[in-house]
């Protein structure tokens, strides 16, 4: 069984969905995670220093990568599931034929 | 003839009524004479917007009901004020108040009881004594006096303790309390709005909870309503330093107890929206700093690791292609059993639980950021709002607890049968493999010949133990705060809040970025390592990812494809 193709298609769809609906929230949440970490490390209220800005940027990148990965892996799993479901009738049809031969 | 007379008698009044109807419909608006001169075209402009006034709670009022001393036609002269009213207007003008004090006086003509309450509250102090800035009048909170609408104080739904417009109310408080210039001038505490949004109450209010309290619900003096139930009075906000304030000293536990039955002083210390640095105990602040460093450094290290590995993977792929190495169909069609059904079931429970925890928990945490509030409301709305998400969050927590218990039982049973492999235990070999892998990623050469589990997989495994203890432990404290407040010191509760949030950030970003990359998304594995579903790994992948184990198997079986 080749599960790779439907999984890759699923991952691509997942990534497209991520870009369409989840990129901005992921950047926002990631950036906020950076703000919270900066608050713990450098103290509150958080001042816009270079290190704080860097940590917020890092948080944004991690947020986008994390949510993007979740969509990609989720899409790959969904793609594989669709692939298996699509393959099942063909396999069932092939099974009696193989028994007869 | 009789019929004709009867018809005339019946139709005449009807005709008269019909003729009267358009006259009534076209009856001139008694306010129209005023609107002829005093119409505003946009909010903030002096005058009235007739359409908005028509929708307001005062739509049935005539202009002169409030503007009692004015006589049409203009120009109008105001009757001079005397006594306290004159002093209030003079003070307001001296302090350059942004809202009209005369409107405040006019409101008092009908709402005398409310105006008295405001005058007795901290918000009425400025009108009576020395003040650096002008405080609020009715219009400051209720908006333009000509456009006051219902909605803020809509009755609470069944089971709710507070009015549904909690967010709208807190936004009105923020107009002054989040204005840095005003806060500085008035000598107010500067971070109250930030710390409120960062608190669990603030986040719940932001995401549309009908159960969470806004500012006035805790800071307003509680008074019994007609049914004898204590209700906060937003018109009677008392300063924290006022002994009668619901949040002053010994009153706090009772205020919390209005919603959290059994709340004691310990509990009241937990919910105060304060910076941990200003907590009574130094422990929460210390833990805040430690966990922030831990999360930041762990993520920076592993993000760097992922970046280096990606670079090494691409380099390896290019070299393999140049060297003409292709896939070996024989190795790709043969498999070794890596995980049994029990291990996979534990992982399925854990992954579903963790993802569910992430999607129901992080939006609430993210709602502390003003920019992310709407996103959080939409995401939590998918689960029926913040309280629906909270229920799912607890169900997911139970799932990961079952997974953890299942795994411990699995280990104990294997230990009893003496079949426990101990292959996950870290050892000196891992130190060498870390060094060799970093060298490989930076400079090329051969990837270390990992055994059954690489150091990354061992870190993944042991990190779950740490994460479970931290997240489940602190999660229970947050799930049953009144119970823990009864037996534990207050710093434990505050610390639990801090650790739960910081550890969630670390765990989710680590799992979704680092674990997903290593397990599924790196180029040599993409799109999926099927072992989490089938429990089997192809010989080709085993050779690539766990060459040490592959070589051991080959050696043991003397078979190129064991």
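Cα axis of helix B:166-177 to longest principal axis of chain B: angle in degrees, 0 to 90, nearest 10? Tilt of helix B:166-177: around 80 degrees. Calculated translational diffusion coefficient of the stretch A:24-67 (25 °C, 0.890 mPa s; Stokes-Einstein with Kirkwood radius over alpha-carbon pairs) equals 248 µm²/s. Across all directions, the average projected area of the convex hull around the alpha carbons of chain B is 45.7 nm². Cα extents for the stretch A:4-100 along the principal axes, largest to smallest and rounded to whole angstrom: 77, 22, 14. The alpha carbon centroids of the stretch B:453-528 and the stretch A:1-79 are separated by 17 Å. The ranking of B:288, B:520 by Cβ neighbour count inside 10 Å, starting from the fewest, reads B:520, B:288. For the stretch B:430-562, a Kirkwood hydrodynamic radius built from all Cα pairs, placed in the Stokes-Einstein relation at 20 °C and 1.002 mPa s, yields a translational diffusion coefficient of 121 µm²/s.
Every Cα-Cα pair in the stretch B:341-420 was counted, and those over 23 Å apart are 37% of them. Here the residues B:205, A:73, A:61, ranked from fewest to most Cβ neighbours within 10 Å of their Cβ, fall in the order A:61, A:73, B:205. Compared with the dominant Cα axis of chain B, that is its longest principal axis, helix B:455-479 is turned about 30°.
For the stretch B:29-150, the relative contact order is 28 percent, taking Cα pairs closer than 8 Å that sit 6 or more residues apart in sequence and dividing their mean separation by the residue count. Mean sequence separation of contacting Cα pairs (under 8 Å, at least six apart), scaled by the length of chain B, corresponds to a relative contact order of 13 percent.
Could I get the Rg over Rh figure for the stretch B:159-264? Both from C-alpha atoms, Rh via Kirkwood, rounded to two places.
Details: Rg = 13.8 Å, Rh = 14.4 Å.
That ratio equals 0.96.
Solvent-free Debye calculation, one equal scatterer per alpha-carbon of the stretch B:248-346: log10 I(q)/I(0) at 0.12, 0.20, 0.22 Å⁻¹ equals -0.76, -1.05, -1.09. Using R0 = 35 Å, the C-beta based FRET efficiency linking residue B:185 and residue B:462 works out to 0.05.
With distances taken between every two different alpha-carbon atoms, the protein assembly as shown has a Kirkwood hydrodynamic radius of 30.4 Å. Exposure proxy for B:110, B:176, B:138: other Cβ atoms within 10 Å of each Cβ, ordered fewest to most, give B:110, B:176, B:138. Working from Cα positions, state the angle (0 to 90°, nearest 10) between the long axis of helix B:83-94 and the longest principal axis of chain B. Compared with the principal axis, the helix lies near 50 degrees. Calculated mean residue ellipticity at 222 nm for the protein assembly as shown: -20000 deg cm²/dmol, from DSSP H runs with n ≥ 4 weighted as -39500 (n - 2.57), summed, divided by the residue count and rounded to 500. For the stretch B:382-501, relative contact order (Cα pairs under 8 Å, six or more residues apart, normalised by length) works out to 20 percent.
Stretching the chain fully between residue B:311 and residue B:469 yields a gain of 53.4 nm (0.36 nm per residue, less the alpha carbon separation).
Bear in mind these aren't lab numbers, they're just calculated from the coordinates by the rules spelled out. If you're wondering where the values come from, they're calculated on a predicted model, not measured in any experiment. Virtual Cβ from ideal backbone geometry, glycine too; neighbours counted across all protein chains shown.
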